[in-house]
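Worksheet for the structure shown next.
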Amino acid sequence: CDSGTYGKDCSFSCNPNCLKDTCDSKTGHCIDGCIDGYTTPFCNESCSLGTYGQRCSENCSANCINETCSNVNGSCDCKPGFQGNTCDQECNPGSYGNHCNQNCSANCINNCSTVDGSCKCKPGFQGNHCNRDCDLDYYGDQCSLQCSTNCIKSLCNNINGSCSCVPGYTGDKCDQECPEHTYGDNCLENCNQTCLNTVCSNINGRCKNGCIPGKEGDFCQFDCQSGKYGKNCKEDCSVTCGGNGLCHQVFGNCSEGCQDGFKGDKCSEAISADEDQSNDAAVAIPIVLVILIIVAILLGAIFWRRRKAKKAAHAQEGNLQKLTNVAAEDNQLARIEVETDSKVNNDVEYYNTALEIADTRVPVDKLHNYLRTHNKAFFEEQFLKIHTSTNSPTHIGSLAENKLKNRYKNILPYDHCRVHLSINTEKKHGDYINASFVKSYQKNEKFIASQGPNKVILEDFVRMLWEQKIDKVVMLTNLVEEAKQKCEQYWPKEGDEEIGQFRLRLINTEVFADCVIRKLEISVTGEATHNLTQYHFTSWPDKGVPATAWSLVDFEQRVSFHLTQRPIVVHCSAGVGRTGTFIALHNVMCQAEDTGYIDFFQTLSKLRIDRMLMIQTAEQYLFLHKAALVAMLCINTTVHQNDIGEHLKQLETKLVSGETLFEKEFKAICDVCAENHDEDDDEGSGGSASSTYLNSRSVNNRAKNRFSNILPKDSYRPFLHSDNKEYGDYINAVALPSFTRLNQQYLTQLPLPSTVIDFWRLVTQMKVSLIIAFDLDLQDTDTTIGNYLPSSKGQQQHFGPVIVETMNSIKDESWEELTLTATIHKKRKKLSTSSTHNEETTVTHLKFTGNVHDGEKLLKFISYARSHSAQRVGKVVYTCRNGADLSGLACVLSLLLDRMDHDHHITVPLVVGALKTVRPQIIPTLVQYKLLYSILQQYSQCNNIYGNVASANVSTQSRNQKEEDNNIYANS
């Protein structure tokens, strides 16, 4: 047969696997053997499993998966840790795993196992792959060392154990007490010089060994009380001291001379009878003359004052007799009850003079430490020492004709500083309104403190705005609170409205998270119109204080930003509690800028000379201190969008202490927010779990928290609802305000496998339309991150009662966008039957895939997210692994950009501090804080519409300069 054929008539072809394509012409057996991978005699059988090559004489590599390979050349899929066609080579150093395509962790010492990547970890890391930081409280080699208990929250650097110290300790690891004579944060505070030997507690500055003579108190800050002197004020003044029995607080020398019959510095020497008689005549005559003169002056003053008061009362009564009383003619108004303000406790025994407290000034740079080292009881005691009212007469407000004009019968204006309306007999009104001129720090009549108008005085209130040419009204109450009418609406809901002879027009309304700003126009027939702006703070609960001081300071800045020559009308309901707190905040800030110290005690004492009961509760008094601390922190931090670059250069300036202004500003924010955080932790009863975090730390919810130190405060967490009791109402999330609405944004951790259902309940129940996600790429290596998205387009996935489906997907350089529908089945219950219906929500999911340290990409991403948010009325969820770090950065940045777009200037500490108060772990590092400024600079450069607008005075002009400027008006 010809080569390549065999058999009968040579009709069969040799097997192509025969070597040289030749075979026996009769049998077809391959004469020269088989090509690689096949066996004789016909070469039609592959090598048996595990062998390959010529005559199947080679064994597959043991590094092949299942030790099987290509029967021809031995190539195979390698086991982890090997590479090459026949898997005969180990992975190169630094790589491991399937195809050697994974890199060893940078936290490994030297290289890692080429098979599974396991290695010995560098200090500070743990896990087979050394990809996890040491557990909280631990650091170092094999995470075997425990952080110092003197570290804040017992947290430290996972590598070397360095940390920020609690007050009283220093050193990289906070293992050293403050040097002698120092204490507090970073041991920067000096012990009070009045401490004996200047020795104090390294933690809080309390004097350890008592006080120098003449001083007392935990911090030796008080002079000895009347009748005491000496070391720790334990010595009693001599009982023979004259006058009020006072003596020198240090030496005990009698301050007002001696009682009859005694002499000497301490009046301890008895006077002989001869000395006593010689002194009597010399002393008696001058004393008698002085007494007679004083009595004559007092009698004359009393007579003149009574005569003047009678004339004023008669004049008022004469005018009122000519008028028809408004309330008597109107049956509806006559039924109005005059309440007593229940917040005023007239049974409390108040001290009647501010002189009983010596120096109550607090240096501005010591204010934070002052608040930290004094408890609530201290402020309550100090508050009770301030007179509630003076002996100034309130005759006019007490007249029967004016009874219905007072919202509360026990809160009246003093006659000497009340606001007088013009009298117009044709219009039937008197000159009385429950409002008082109140002096500012500069002692000019900067404010009018008024009660909120009731129906009787609605026209009178508008008349006051008209006659006083008021440019600004500050309203600190809502119209209805706790189902009670607190103030009548004196502006139109829309368009025009007539109130008596006045026509009011609502020109514009701007709504923000904590306030509303309304532009109004008032006109009277035949006269020029007058414009004013009403600043309405909406987040101050009745009988309480705002949730945080940051919101009130933000509001006060908005009020003060535009200048006016005219008095500012400030009112709440009674015109004393919230009104007094707001005016006091303005006054103490002016004092701080002018003198470098603040005197809260004297500020309130002076306010109560102009209007009784200003600041009604000790809680409001303490809140004033906290608000002043926040306001001081924000001084000179407001910057126009055009000036951010220059401001950044200033922030890099180094101080004498060696730290930059950047570091000082960020540390101040952290200190204030940490202080609030610590106060919250101390509120729990029994010293166990804090009431602030009661739900977060409950047994049922602990497993729902990824980190035990990042928890939502109960007052800020959203409450979920469900018919299924197994789900509960808890999720580790906090509600935050947007620029225009409260509780419009949520920060939450990426869901755990066990909380994915809760995550979607949050989205559907809170009407969320946008999810902004970070850290989602960690899902491949972090098993604690649950899968909460459908795996592919068109696929539906059930998460408890919620069905989620991906409708569309888009990829960009730095993010991925999914359009999702979330459908939830809801039951409708009728009288005898129940039915179900589907409620569908469209949700956009934006996943950031870029580098968060790349400011340009992050800005582009946030700008894109903001464009989505602006198009929809739904809420926004920001999520990352810990629910604070990256999600907080994005949320803060979005809010800053919103404010800059609207205001064209920005106060970064105010925004960061407001959000850190809710979630203290937001913006945790100086690096992130600087990144905020850097991105704002980029944004202002790209969107500088107002590039040619002058920005002078935004951050440098003080309140005192503003009050003295006579050329700038609010409506110019």
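Among the trypsin sites (Lys or Arg not before Pro) within the stretch 216-266, those in coil by DSSP and having at most 14 neighbouring Cβ atoms inside 10 Å are K234. Taken along its principal axes, the alpha carbon cloud of the stretch 382-480 reaches lengths of 49, 32, 31 Å, longest axis first. Peptides 851-860, 788-797 ranked from most to least packed by the mean count of surrounding Cβ atoms within 10 Å: 851-860, 788-797.
The loop-placed GluC sites (Glu not before Pro) in the stretch 743-829, going by DSSP, that have at most 15 neighbouring Cβ atoms within 10 Å of their Cβ come out as E813. In the stretch 511-629, the inverse of the mean reciprocal separation of distinct Cα atoms equals 15.5 Å; this is its Kirkwood hydrodynamic radius. Note that the stretch 449-557 shows a convex hull volume over its alpha carbon atoms of 113 Å³ per residue.
Of the residues R611, R706, R919, the one with the fewest other Cβ atoms within 10 Å heads the list, and the complete ranking is R706, R919, R611. Among V734, V72, sorting on how many other beta-carbon atoms sit within 10 Å of each Cβ, with the fewest leading, yields V72, V734. The packing ranking of peptides 591-603, 110-122, 721-733, highest mean first, is 591-603, 110-122, 721-733, where packing means the average number of other beta carbon atoms within 10 angstrom of each residue. In terms of surrounding Cβ atoms within a 10 Å radius of their Cβ, S657, S769 rank from fewest to most as S657, S769. For the cross-link pairs K208/K263; K626/K664; K385/K664; K455/K543; K173/K208; K215/K443, the ones whose C-alpha atoms lie over 27 Å apart are K208/K263; K385/K664; K215/K443. Please list log₁₀ I(q)/I(0) at q = 0.16, 0.21 Å⁻¹ for the stretch 1-124, using the Debye equation with identical point scatterers on the alpha-carbon positions. Calculated log10 I(q)/I(0) at the listed q: -0.76, -0.98. Convex hull of alpha carbon positions in the stretch 643-942: directionally averaged projected area 18.7 nm².
None of the figures in this text is laboratory data; all of them are computed from the coordinates on show. No experiment lies behind these values; they were computed from the predicted model shown. Backbone-built Cβ (ideal geometry, glycine too); neighbour counts: all protein chains shown.
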